[in-house]
Structures are given as C-alpha cells and as structure tokens.
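To keep things clear, I will list the structure first and then write my remarks on it.
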Amino acid sequence: MAADRLWCVVPAAGRGQRFGAECPKQYVALGGRPLIEWTLERLAATPCIAGILLVLAADDRRWVRRESVGGKPLLVATGAAERSGSVLAGLRALPPDVGDEAFVLVHDAARPCVPAADILRLVALGGAAGGGLLAAPLRDTLKRADGAGRVAATESREARWRALTPQLFRRGELVAALARAHADGAAITDESMAMERVGHRPLLVEGAESNIKVTTPADLALAEYLLLRAEG
C-alpha cells in the first residue's frame, strides 16, 4: 500500500464565517499567498498523491483556474452547503479510473501544515487496516462546562483523540456512507464519523500537533510561523 499513488479530495466550498474575514478563509493571505495555495502545494509534493480534486462553491470567483499543481493533475468540482456534501461531490467527480475499491484521501483546505511523512504513514498503516485517519491524542486536562461557563466536571482524557486530516477510505465505501448519512439527515463533521455510522472502525494514526486547522486569526498567525520557519 505504501507505494500506491492515490487521489486526494480537498473540500473548499465553505465560507469560513467563524474566521471573520471579508473573504472565505481559504483565500486569506498567509505569507503573501492564499492559504489554499500552501495546502495544495504541500499535498502535491507528497509522493503518494497522484492528483487533487478541489471542491469549490458554485459562486466562487476567487479561484484562478489551472490544470495542475506541483506537476500533479488538479481537477475542480462544485460543492454543497455542508462539508460532507462537498466531499461526496468530490468523490463522485474523481476520474473514471479511480474505482470503488481504490483508497482516496480527504484533506481540509485549511490545514496547510500537514507533514508529508504523516500522509505517507497514514497511507501505509490506514490502507493495511482498511481505512484510517490522522489524529492526535489529547494531552491537556479536559473540562466539561455547565450552562454558566463554569466547570461542571473534569473528564478523563484516556483514549480521547482529536481527529485531523487527511482521512483515508475506499472510494465506494465512503460514497455509500456519506450518502446514507444524508438520507438519514445526520450531521456529519468528518469522513470517519460517516464510516463509523455504518459499522467501520477506522484506524487512528498519530499525526503531528503542528497539523493545525486554521479557524481563527490566531491560527493563521501560527500556521504562517510554522510554514515560513520550515522554508527558512
């Protein structure tokens, strides 16, 4: 499995309203370039990735059309209002030679710092396990709040992980799981959740804490520091 080359779906149809910028957060400037450019280039530079399927909003006017990134083919599909719908659209738009049994990656557009070594390890270990995701074990003490914002209890952090991306699953199984979730009206926050609902037990593959998701301006500043430090 480690030697395989596979496609990566990148959902980028969201508005990023929590970020609070005038444009969708995937286009916010990071080191002088749109955040999404860093993410796509990091993925394209990973040897096991054969191509990227970018999913954009129907009214996206900021994307500069191109057919490749880093020497890898880049295709574009139109997404949906929710992330899971965009992922499903991307999976269905993959090239015809990507069969139902083929593994595919799904990665957040707002995670520009994912290490290539983590992706390679996920493909090797997750592929052998039938599917998996990058994740990080909780290391901080975990508190549960009450309605007034006070501590109601201290929760155990044992066996608790934070889900990261990429996530790796067989194309056909993930399409079926997402379609089932939509039919059931279930709110799906990541691909693993969809697979869990239909009985799968994805493998947790530990990834770097630096694989942050840019959600706030503070996250953007940290991502810029990590990326520019790596280039320097």
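The values are calculated or read from the model by the stated rules, or taken from the named source; none is laboratory data. Just so we're clear, the structure is a prediction, and the values are computed from it rather than from any experiment. Please note: Cβ atoms are built from the backbone with ideal geometry, for glycine as well, and neighbour counts cover all protein chains shown.
Please find, within the range 57-79, the residue that is modelled with the lowest pLDDT out of those that are over 24 Å from ARG5 (Cα atoms) and of a type in the set (A, V, I, L, M, F, W, C).
This residue is VAL64.
Restricting attention to the range 29-40, and to residues there that are of a type in the set (A, V, I, L, M, F, W, C) and either outside any strand (DSSP E or B) or modelled with pLDDT of 95 or more (or both), which single residue is nearest to THR215 (Cα to Cα)?
So the residue we want is LEU35.
Here are some residues: PRO166, PRO217, PRO202. Which one is in contact with a Ser or Thr (Cβ under 6 Å, 6 or more places away or on another chain), in contact (Cβ under 8 Å) with a residue 24 or more places away in the chain and not aromatic (Phe, Trp, Tyr)?
Answer to the selection: PRO202.
Out of the range 146-194, which residues are in contact with a strand residue (DSSP E or B) (Cβ under 6 Å, 6 or more places away or on another chain) and part of a helix (DSSP H, G or I)?
ARG171, GLU191, SER192
Within the range 80-95, count every residue that is at pLDDT 95 or above and either surrounded by fewer than 18 Cβ atoms within 10 Å (Cβ to Cβ) or in contact with a helix residue (DSSP H, G or I) (Cβ under 8 Å, 6 or more places away or on another chain) (or both).
Adding up the residues that qualify gives 9.
Identify, by number, the condition in (1) modelled with pLDDT under 95; (2) farther than 24 Å from PRO115 by Cβ; (3) polar (S, T, N, Q) that GLN26 doesn't meet.
All conditions are met except number (2).
Just the residues that are over 20 Å from THR165 (Cβ atoms) and part of a loop (DSSP other than H, G, I, E, B), please, taken from the range 64-80.
Correct list: VAL64, ARG65, ARG66, GLU67, GLY71.
It is to be established whether one or more residues within the range 174-188 are on the phi > 0 side of the Ramachandran plot and not β-branched (Val, Ile, Thr).
Going residue by residue through the range 174-188, those that are on the phi > 0 side of the Ramachandran plot are 185.
Filter again for not β-branched (Val, Ile, Thr), leaving 185.
Among the residues of the range 174-188, at least one is on the phi > 0 side of the Ramachandran plot and not β-branched (Val, Ile, Thr), which makes the answer yes.
Suppose we filter the range 92-134 for residues that are out of contact with any Leu (no Cβ under 9 Å at 6 or more places or on another chain) and part of a helix (DSSP H, G or I); how many remain?
Result for the range 92-134: 4.
Results for (1) among the basic types (Lys, Arg); (2) touching a residue at least 24 places away in the same chain (Cβ under 8 Å); (3) in contact with a helix residue (DSSP H, G or I) (Cβ under 9 Å, 6 or more places away or on another chain); (4) closer than 18 Å to LEU122 by Cβ, shown as yes or no for each residue.
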| position | (1), (2), (3), (4) |
| --- | --- |
| LYS25 | yes, yes, yes, no |
| ALA29 | no, no, yes, no |
| TRP38 | no, yes, yes, no |
| ALA50 | no, yes, no, yes |
| ASP59 | no, no, no, no |
| GLY70 | no, yes, yes, no |
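Testing LEU43 on (1) outside any helix (DSSP H, G or I); (2) within 14 Å of the chain's Cα centre (by Cα), one condition comes back false. Which one is that?
(1)
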